[in-house]
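Working notes for the structure below.
Here, each number is a calculation from the coordinates, and none is a lab measurement. Bear in mind that the values here come from a model prediction, so they are computed numbers and not experimental data. Positions of Cβ are generated from backbone atoms using ideal geometry, with glycine treated the same way; all protein chains shown enter the neighbour counts.
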Amino acid sequence: MASNDAARARILAHMNKDHVYDTKLYLVHYLSYPKSLLRASHKSVVALSDIQATHLTISVDGTTKQIPLTPPMASLSDARIRLVDMTKQAESALGINRETVDIDTTWIPPRPHELLVSCSMAFIGYMLFFPSTLLPGGLLHESTPLKSYPDIAGWIYNATPFGYWTFVTFHIVEALYFVTRVLGPCWAVPGVSLPVATLWLSEVLLQGYLSFVRWDRMIEQQKTKRKARTGKKEH
């Protein structure tokens, strides 16, 4: 029994020092606590207070909660493998990654080539939404070489209905995907402010796919900043 008590003490000390995130994750996944609990800034005090072969006991702001272990462990020597598996299962089920729960989601400016794409898409959008600009007297017709090539201007004008619906369809689909599959999972953890979310969504509506590339780049930059800030290796 003394060996069990010593093993239990080591496990609890290790979990409460280096794996509070994992303990919080168990509460979110197995007991339906809000995802916001995972943020380091969350005020709740969480600790693993006991571990038995059959269950975990977790203290949340002085209140104890139990999570059954199914199947029970043969002994506490199986605890490391079981807890790691529980963390992996919880992260997979919740769509959460320990590397991103504490990052600051923000907007980053486009690189020069991305800015060029944005300007090009804005130009194309202007033509598609205001096709009369291609006709005699229109801004683009009068201020570009199109004035000297009426056949080309006419062909572009006749193609604008197809281009309009193609442009709108693709960008709306991309925006819906961004809202549901990119912003959605980040809304609670790590959290996205409404102004930042609106700015990113407007970028997707204008620029399309390249905005996803920038979003991924922002996430990687913030993960790097987080690691530098915490000075910890990921477990």
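Quick notes on this structure:
- Where trypsin sites (Lys or Arg not before Pro) fall in DSSP loop in region 67-108, at most 16 other Cβ within 10 Å: Arg98
- If R0 is taken as 25 Å, the Cβ-Cβ distance between Val213 and Leu139 corresponds to a FRET efficiency of 0.20.
- Dividing the summed helix terms, -39500 (n - 2.57) for each DSSP H run of n ≥ 4, by the number of residues in the chain produces a 222 nm estimate of -18500 deg cm²/dmol to the nearest 500.
- The amide H of Leu69, built 1.01 Å from its N in the peptide plane, has His55, Leu56 as neighbours under 5 Å, considering only residues 5 or more places off or on other chains.
- Pairwise centroid distance, computed over Cα atoms, of region 9-69 with region 183-235, Å: 27 Å
- Simple Cβ-charge dipole of the chain, Lys/Arg +1 and Asp/Glu -1, about Cα centre, in debye nearest 20: 780 debye
- Each of Ser41, Ala53, Gly163 was scored by the projection of its Cα onto the charge dipole of the chain, and the greatest displacement toward the positive side belongs to Ala53; charges sit on the C-beta of Lys, Arg, Asp and Glu.
- Amide H within-cut-off set for Thr100, under 5 Å, with H built and near neighbours excluded: none
- For the chain, averaging the sequence separation of C-alpha pairs within contact (under 8 Å, six or more residues apart) and dividing by the residue count gives a relative contact order of 19 percent.
- Enclosed volume per residue, in Å³, of the convex hull spanned by Cα atoms of region 112-230: 117 Å³
- Signed unit charges on C-beta, dipole axis of the chain, positive-most listed residue Tyr177, Ser132, Ile103: Ile103
- Per residue Cα convex hull volume in Å³ - calculated over the chain: 146 Å³
- 3J(HN,Hα) from dihedral phi, region 99-108, Karplus parametrisation 6.51/-1.76/1.60, rounded to Hz, x for glycine, proline: 6, 10, 5, 10, 6, 9, 6, 9, 9, 10
- Note that region 69-86 has calculated 3J(HN,Hα) couplings of 9, 10, x, x, 6, 5, 6, 5, 5, 8, 4, 4, 4, 5, 5, 5, 4, 5 Hz, one per residue in order, obtained from phi through the Karplus relation 6.51 cos²θ - 1.76 cosθ + 1.60 (θ = phi - 60°); glycine and proline are x.
- Note on the chain: Lys pairs 8 or more places apart or on different chains, Cα atoms under 14 Å apart, count 10.
- Placing a label point 7 Å from the Cα of Thr63 along the Cα-to-Cβ direction, the residues of region 2-40 whose backbone N falls under 12 Å from that point are 33-34.
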